[in-house]
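Data block below; observations after.
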Amino acid sequence: MQTKIAANSQALKRWLGKAEEVLGNHSDRLNAINIFPVADGDTGTNLYLTACSASRA
């Protein structure tokens, strides 16, 4: 069971790292299409910052 948990934690770390990379590269595009419920243009930035925080945690 410990091996399975370790493998899953490594997979999650890789996934979070990739999510952080992709969101960092494309947050401006997500910000540009953010119109619901308010066109505040920060959804991509918020997703990126959330992924960064999760990755570091």
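Placing +1 on the Cβ of every Lys and Arg and -1 on the Cβ of every Asp and Glu, with nothing else charged, gives the chain a dipole about its Cα centre of roughly 420 debye. Once the Cα atoms are used to define both axes, helix 43-56 deviates from the longest principal axis of the chain by about 20 degrees.
Dipole orientation for the chain: of the candidates ALA57, VAL38, VAL22, ALA57 has the Cα lying most toward the positive pole (charges on Cβ; Lys, Arg +1; Asp, Glu -1).
Using alpha carbon coordinates only, what is the Rg to Rh ratio of the chain, with Rh defined as the Kirkwood radius? Provide the component values of the computation, followed by the final result.
Numbers: Rg = 14.4 Å, Rh = 12.4 Å.
Rg/Rh for the chain comes to 1.17.
Solvent-accessible area per residue for the chain at a 1.4 Å probe radius, Å²? The partial results should precede the final answer.
Details: 4530 Å² over 57 residues.
Accessible area per residue: 79 Å².
The values are calculated or read from the model by the stated rules, or taken from the named source; none is laboratory data. Bear in mind the structure is a predicted one, so any value in this text is a computation, not a measurement. All Cβ positions, even for glycine, are placed from backbone atoms using ideal geometry, and neighbour counts span all protein chains on display. Note: accessible area is taken over every heavy atom of the protein model, side chains too, but ligands, DNA and RNA are not part of it. Shrake-Rupley method; radii C 1.70, N 1.55, O 1.52, S 1.80 Å.
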